[in-house]
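What follows is a short report on a single structure.
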Amino acid sequence: MIGAVLAFAGVAALINITPGLDTLLVVRASAAQGRSFGLAAASGVLVGCLAWGVATAVGLTALLTASHLAYDVLRFAGAAYLAWLGVWALVRSRHRTSTEGSSVTQEHTARSWLAAFRSGVGTNLLNPKAGVFYMSLIPQFIPQGAPAFGTTLLFTAVDLVELAIWFWLVSGAAHALSERIRRPSFRRRMEQISGVAFLGFSVNVLAEHRGYRG
């Protein structure tokens, strides 16, 4: 079991640090709004991954590989959500100057934190590749004779720990860069880049039918 856990941890780590949608969410929120918002988005992603891991343990994600309809419904919903995030980021970049430097109420901060958290949960749960990732990868590392349910949850926990460490490092680096470059134009540019990237991910989700988590 120890060997299987280490092997899975190595493969999962390579996939987790590959630039993708989850990392983009954390970088964008950390650079544009602050590290706490980046960690809020990261927390949402982790909740989504936990849900996929539990679903895999009980066999629900098998529907994504067995049913083209279930996969396509989730794929179209995810693409629409990503497109909405992309358009909203581009809109925010155009109106950023009106809010730069203004006082931010505690209630507004809480709403923004919750919005970042929801974006992490939504993009992860509406990404069928995340479900396929757990369904396709985890069973390959379960030792013969090991309980599938418990081992799947163990591997999910390993993946969550790795992701948490990665997002902590990424959010810190993105926020530090943002603090060094305090120009409002930099943050507006980050919103524009992320908006275009979200739209690109939306097109990619529509174009591809199967694959690992992005």
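The values are calculated or read from the model by the stated rules, or taken from the named source; none is laboratory data. Keep in mind that this is a model prediction, so the values were computed, not measured. When we count neighbours, we look across all protein chains shown, and the Cβ atoms used for this are built from the backbone with ideal geometry, even at glycine. Side chains included, ligands, DNA and RNA excluded: accessible areas come from the protein's heavy atoms. Shrake-Rupley method; radii C 1.70, N 1.55, O 1.52, S 1.80 Å.
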How many residues are more than 20 Å from residue 87 (Cβ to Cβ) and assigned to a loop (DSSP other than H, G, I, E, B) when one looks only at region 113-156?
-> 6
Can you find even one residue in region 157-164 that is touching a residue at least 24 places away in the same chain (Cβ under 8 Å) and among the β-branched types (Val, Ile, Thr)?
-> yes
Sort out which residues of region 1-40 are open to solvent by less than 20 Å² (accessible area, probe 1.4 Å) and outside any helix (DSSP H, G or I), and write them in order of number.
-> 20, 34
Scan of region 141-176 for residues that are surrounded by fewer than 17 Cβ atoms within 10 Å (Cβ to Cβ) and polar (S, T, N, Q), ordered by number = 144
Looking at region 124-140, which of the residues that are under 18 Å from residue 24 (Cβ atoms) and at pLDDT 80 or above is surrounded by the fewest Cβ atoms within 10 Å (Cβ to Cβ)?
-> 125
For region 30-54, name all the residues that are of a type in the set (A, V, I, L, M, F, W, C) and modelled with pLDDT under 85.
-> 31, 32
Taking residue 170 and the conditions (1) touching a Ser or Thr at 6+ places or on another chain (Cβ under 8 Å); (2) farther than 30 Å from residue 1 by Cα; (3) at pLDDT below 90, which numbered condition does it fall short on, given that it satisfies the others?
-> (3)
Before we move on, is residue 183 of a type in the set (Lys, Arg), modelled with pLDDT under 85 and crowded, with 18+ Cβ neighbours inside 10 Å?
-> no
Take region 102-112 and flag every residue that is at pLDDT below 75 and in a helix (DSSP H, G or I).
-> 106, 107, 108, 109, 110, 111
